[in-house]
1. Would you be so kind as to identify which of T93, I56, L80 lies farthest towards the positive end of the dipole of the stretch 7-94, taking Lys and Arg as +1 and Asp and Glu as -1 on Cβ and the Cα centre as origin?
2. What is the packing order of peptides 21-29, 70-78, 53-61, taking the mean over residues of other C-beta atoms within 10 Å and listing the highest first?
3. Using 18 Å as the Cα-Cα cut-off, could you pick out the over-long pairs in K23/K60; K37/K60; K23/K77; K37/K57?
4. Out of (i) 12.8, 37; (ii) 14.9, 42; (iii) 12.2, 35, which label holds the value of Rg and Dmax of the Cα atoms in Å that was computed here?
5. Between the helical axis of 43-52 and the dominant principal axis of the chain, each derived from Cα atoms, what acute angle in degrees is found, rounded to the nearest 10?
6. Hey, got the dipole for the chain? About the Cα centre, +1 on K and R Cβ, -1 on D and E Cβ, debye to the nearest 20?
7. Against the longest principal axis of the chain, how steep is helix 70-83, in degrees 0 to 90 to the nearest 10, with axes from Cα atoms?
Amino acid sequence: MPSARNFPIAADCTAYAYGNFHKDFIRNHITLIGCPKLDQEDYAQKLTEIIKNNNIKSVKVVRMEVPCCGGIENAVKKALQDSGKFIPCQVVTVSTDGRILD
């Protein structure tokens, strides 16, 4: 993975809810997308390895306002902590009607 200035990690439904998702978040970036409610994976372990083994400058979590999306935010925070690296992390929350809340 090449060096990423801003590494987006997004809940898959955010791309459907927010019309400018590609333009505002993922254009020209390597992006990870998943659903903590539907996937039976431990995102934190996988993300920890990705963060440890790559030159990531910052992380941007794009999540929905619904409670299940808290899982992706928590996994990213745990992965950052477990990686042993200090990397800035921003969380952007999308409303169910497609507005940016944060």
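We did not get these values from a lab; they are worked out from the coordinates using the rules stated. All values derive from a computational prediction rather than experimental measurement. As a convention, Cβ positions derive from the backbone with ideal geometry for all residues, glycine included, and neighbour counts pool all protein chains shown.
1. Farthest towards the positive pole: I56.
2. Numbers: 21-29: 13.1, 70-78: 18.9, 53-61: 15.8.
Going from most to least packed, we get 70-78, 53-61, 21-29.
3. On the way: K23/K60 14 Å; K37/K60 20 Å; K23/K77 25 Å; K37/K57 28 Å.
With Cα atoms farther than 18 Å apart: K37/K60; K23/K77; K37/K57.
4. Answer by label: (i).
5. 50
6. Details: 13 positive and 11 negative charges, 86 e Å.
About 420 debye.
7. 10
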